[in-house]
1. Within the stretch 44-60, count every residue that is surrounded by 12 or more Cβ atoms within 10 Å (Cβ to Cβ) and either of a type in the set (G, A, S) or in a strand (DSSP E or B) (or both).
2. Is it true that N77 is outside any helix (DSSP H, G or I) and in contact with a Pro (Cβ under 9 Å, 6 or more places away or on another chain)?
3. Which condition does K70 not pass, out of (1) at pLDDT below 95; (2) surrounded by 13 or more Cβ atoms within 10 Å (Cβ to Cβ); (3) out of contact with any His (no Cβ under 7 Å at 6 or more places or on another chain), if it passes all the others?
4. Restricting to the stretch 19-43, what's the tally of residues that are open to solvent by 70 Å² or more (accessible area, probe 1.4 Å) and either without any contact (Cβ under 8 Å) to a residue 12 or more places away in the chain or farther than 17 Å from Q86 by Cα (or both)?
Amino acid sequence: MAAAWRSNLGKHVREIRIHLCQKSQSSQGVRDFLEKYYIGIKKENPKVPILVRECSGIQPKMYARYDHGKENSVQLNNMSGDSVLQAMEKLVTSGSL
């Protein structure tokens, strides 16, 4: 069963952006996260934009945009797919405080 924050992204954020490199080792966990979790999260939150941006040679990073234009980000270098999910939870829920 999905955590409450995963099924209610719209209550916490207006948008999620994920930047990664298609080939670098430092982005492998982000690619694993996308393969394992993206479809489920997107199905549970069809109206929340979850943007995935690939660019060669960049460091992986996730951004969350909240109400009133507030934005936070987290570096995802060399994380596992599950660690990226944990980082997403912290990023998503930190803006709702």
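The values are calculated or read from the model by the stated rules, or taken from the named source; none is laboratory data. What you see is a predicted model, and the numbers here were worked out from it, not measured in a lab. Counting neighbours? That spans all protein chains shown, and the Cβs are built from the backbone with ideal geometry, glycine included. Ligands, DNA and RNA are stripped out before the accessible areas are found, and what is left, the full protein with its side chains, is counted by its heavy atoms. Shrake-Rupley method; radii C 1.70, N 1.55, O 1.52, S 1.80 Å.
1. Total satisfying the criteria: 3.
2. Spelling it out, N77 is indeed outside any helix (DSSP H, G or I) and in contact with a Pro (Cβ under 9 Å, 6 or more places away or on another chain).
3. (2)
4. The first filter runs over the stretch 19-43 and keeps only residues open to solvent by 70 Å² or more (accessible area, probe 1.4 Å), leaving 22-23, 25, 35-36, 39, 43.
With either without any contact (Cβ under 8 Å) to a residue 12 or more places away in the chain or farther than 17 Å from Q86 by Cα (or both) added as a condition, the list becomes 22-23, 25, 39, 43.
Number of matching residues: 5.
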